[in-house]
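Enquirer: Can you keep this structure in mind? I'll have questions shortly.
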Amino acid sequence: PAWRQHARRWPAERMPFGESTPFILIARCHVKQDCLAAYLEAAEVADKAVKESEPGMLHHTFDQDPTDPLAFTWSEVYKDDASLLFHLTNPPLVKFVEQHGEMGDDFSVEIYGTIAPATKEACNALPFPVKYFDTKFGYSRVA
């Protein structure tokens, strides 16, 4: 049958995923009750600075949890690993992470997409947990 022929060809037709392909990063954070206004201000400053200084950040939003007014999610799409590595050392982000340490009480990251071992190593050195979801198959029309 035709489906078996296609199934045999599928692995050869797969899009290669790795350090040069786009991926999604979700950063979940929780803010201390008495720090909400200052935290939102710091997050907006960081967002604007990232927009101006990181062309490899294709999507960057700060989204509020619908059930917890102190819980937020950074939704980010990166062009490639180099863009994430730059982000991790970009001074406005470094400042925001420091501010989170003062005003936040939880922070964790999930990465959806395959990144290089060296990039994972850099992420593992961060002061919060990072969980990796490597791509098994699919496609991306981003970038």
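The values are calculated or read from the model by the stated rules, or taken from the named source; none is laboratory data. From a predicted model like this one, the values you see are computed outputs, not experimental measurements. Counting neighbours? That spans all protein chains shown, and the Cβs are built from the backbone with ideal geometry, glycine included. Quick note on the areas: whole protein, heavy atoms, side chains included, nothing else; ligands and nucleic acids left out. Shrake-Rupley method; radii C 1.70, N 1.55, O 1.52, S 1.80 Å.
Enquirer: When the helix-only estimate is applied to the chain (DSSP H runs of n ≥ 4, each -39,500 (n - 2.57), divided by the residue count), what is the mean residue ellipticity at 222 nm, nearest 500 deg cm²/dmol? Display every interim value, and only then the final one.
Expert: Working: 5 runs with 60 residues, N = 143.
It lands at -13000 deg cm²/dmol.
Enquirer: Counting only protein heavy atoms and using a 1.4 Å probe, what share of the accessible area of region 75-121 belongs to carbon plus sulfur, as a whole percent? Provide the component values of the computation, followed by the final result.
Expert: Working: 1290 of 2190 Å².
Taking all protein chains in place, region 75-121 shows 59 percent carbon and sulfur surface.
Enquirer: A further question follows. When the solvent-accessible surface of protein heavy atoms is calculated with a 1.4 angstrom probe, in what order do Thr67, Thr21, Thr135 fall, highest first? Mind showing how you got there, number by number?
Expert: Values: Thr67 125, Thr21 15, Thr135 40 Å².
Solvent-accessible surface, decreasing: Thr67, Thr135, Thr21.
Enquirer: Now for a different question. So what is the accessible area of the chain per residue, in Å², with the probe set to 1.4 Å? Let's see the in-between values first.
Expert: On the way: 8860 Å² over 143 residues.
Value for the chain: 62 Å² per residue.
Enquirer: Given a Förster distance of 41 Å, report the FRET efficiency between Ala37 and Glu121 from their Cβ-Cβ distance, rounded to the nearest 0.05.
Expert: Details: r = 36 Å, r/R0 = 0.89.
The formula returns an efficiency of 0.65 here.
Enquirer: Evaluated at 20 °C with a viscosity of 1.002 mPa s, what Stokes-Einstein diffusion coefficient in µm²/s does the chain have when Rh comes from the Kirkwood expression over alpha-carbon pairs?
Expert: Working: Rh = 16.5 Å.
Here the translational diffusion coefficient equals 130 µm²/s.
Enquirer: If I stretch the segment between Asp65 and Tyr139 completely, what's the gain in nm (0.36 nm per residue apart, minus their alpha carbon distance), one decimal?
Expert: Between Asp65 and Tyr139, full extension yields an extra 23.8 nm.
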